[in-house]
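Just below is one structure, and these are the notes that go with it.
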Amino acid sequence: MKILSIKKGFMSDHSSTSYEFLAVDKPLGVNEKEAVARLSRRTSPTAYRASFVYHVEGYDIPGGWEKLMEKYYDVMYSEDYGWWTLAIAFDTTKKQFRKLKEFKFRGYEDCGIDIEGDEKRVIVIIYCIIPDDKYFDVSENYILGSKKLGRDNGLLNLLSDVREQLKEGDYRALYKVWEVYYEDEEDDDEEHEMPKEPEEFERGKEIVEDFKNILSTLDI
């Protein structure tokens, strides 16, 4: 396979990139929707959703997708030929921000977790591989009977559920990313050792398992 481009976190052999954004906590107002619409003639944001698709190498969301997560949206995913970026943003505290930083790492094929933002609003970024069959499975499972705001997009619904867990201090989903992509290097320092396994919560186990099940490696 010939590599034509390298993007943050991933490598891709074609130039098409798509984004899906969802506002969970509050809808966008008229001025906010107009601000998002000005970024691209190809997007028509609603009060809760926005989509971007770029087919030309070198074109991307002006200012970067992170700015949209800082101001308007709470969950996002971007897909580029099987390589995915998942993002979850929420208001946080200094204590929680420090805890989330413990889950930051890069492992298998540069997949892993980044923690951006600050001690007021954090953005949890997950770089991963999601095969088409697993994407369609989670889409079907999280659309049927769903009343969530991203009701016609199962992956956004699942990310919204994971977001609620993270806000409550339930970090099991992040630990699953470590389980799938962590590579134990002999010369690794303590900063990159696996974090302590999070405590079990009485509820939400199926959300954590569904999230882990979409994460794959190139060997699968």
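Below, the figures for the structure above:
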| item | result |
| --- | --- |
| Of the criteria (1) hydrophobic (A, V, I, L, M, F, W, C); (2) within 21 Å of Phe211 (Cα to Cα); (3) not in a strand (DSSP E or B), which one Ile123 fails | (3) |
| Subset tally (residues that are of a type in the set (D, E, K, R), out of contact with any Asp or Glu (no Cβ under 7 Å at 6 or more places or on another chain) and under 21 Å from Pro195 (Cβ atoms)) for region 84-117 | 9 |
| Residue within region 75-94 that is more than 22 Å from Tyr181 (Cα to Cα), polar (S, T, N, Q), open to solvent by 50 Å² or more (accessible area, probe 1.4 Å) and over 12 Å from the mean Cα position of the chain (by Cα) present | yes |
| Test: residue in region 161-168 that is surrounded by fewer than 18 Cβ atoms within 10 Å (Cβ to Cβ), touching a strand residue (DSSP E or B) at 6+ places or on another chain (Cβ under 6 Å) and assigned to a helix (DSSP H, G or I) | yes |
| Condition met for Ile61 (part of a strand (DSSP E or B), in contact (Cβ under 8 Å) with a residue 12 or more places away in the chain, within 19 Å of the chain's Cα centre (by Cα) and within 24 Å of Tyr135 (Cα to Cα)) | no |
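The values are calculated or read from the model by the stated rules, or taken from the named source; none is laboratory data. Computed from a predicted model, the values in this text were never measured in an experiment. For neighbour counting, all protein chains shown are included, and Cβ atoms are generated from backbone atoms with ideal geometry for every residue, glycine included. The protein model used for the area step is the full one, side chains on, heavy atoms only, and it has no ligands, DNA or RNA in it. Shrake-Rupley method; radii C 1.70, N 1.55, O 1.52, S 1.80 Å.
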